[in-house]
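One structure follows; several queries about it will come next.
Only the coordinates and a few stated rules stand behind these numbers; no lab work does. These figures come from a predicted structure and were not determined experimentally. A quick note on method: Cβ atoms are made from the backbone with ideal geometry, for glycine too, and the neighbour counts reach across all protein chains shown.
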Amino acid sequence: MMQVLIRYNTKSLSDNDKWRVLIDEKEFTCSNVQINCQSETCMRPILENGKPIEKWHLRAFNFNEIIFRFYGNENKLIILIV
């Protein structure tokens, strides 16, 4: 089963990278996330400078697909989880 975790990007540099979306541990940054499925909050460790740090995420589950869509003049990425 695919794991999808979403968290706010505290190191964001622009409107294009406000969110971090981890799909099976591969990270994508985007401007918006739309979740149209069941979700819950969860605490998961991430590695920062080689050390595990606990971070809060939204976990999406029971979804059918993940859609990557660009919009606007700046080609902002939105991730839809449906």
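Evaluate the following for Ser39: is it of a type in the set (Gly, Ala, Ser) and surrounded by fewer than 16 Cβ atoms within 10 Å (Cβ to Cβ)? Give the steps one after another, and end with the answer.
On the way: of a type in the set (Gly, Ala, Ser): yes; surrounded by fewer than 16 Cβ atoms within 10 Å (Cβ to Cβ): no.
Here the answer is no, as Ser39 does not meet what is asked.
Let me ask something else. From Asp17, Asp24, grab the single residue that is in contact (Cβ under 8 Å) with a residue 12 or more places away in the chain and exposed (fewer than 10 other Cβ atoms within 10 Å of the Cβ). It would help to see each step written out before you state the result.
On the way: Asp17 fails: exposed (fewer than 10 other Cβ atoms within 10 Å of the Cβ).
Result: Asp24 is the single residue among Asp17, Asp24 that is in contact (Cβ under 8 Å) with a residue 12 or more places away in the chain and exposed (fewer than 10 other Cβ atoms within 10 Å of the Cβ).
Quick check on my filter: what residues within the range 66-82 are more than 13 Å from Ser31 (Cβ to Cβ) and part of a strand (DSSP E or B)?
Matches in the range 66-82: Ile66, Ile67, Ile81.
Next question, about the same structure. Give Asn62, Asn9 a once-over and let me know the one that is polar (S, T, N, Q) and exposed (fewer than 14 other Cβ atoms within 10 Å of the Cβ).
Asn62
Filter the range 69-82 for residues that are within 18 Å of Tyr8 (Cα to Cα) and within 14 Å of the chain's Cα centre (by Cα) and give the result.
Residues satisfying the conditions are Leu77, Ile78, Ile79, Leu80, Ile81.
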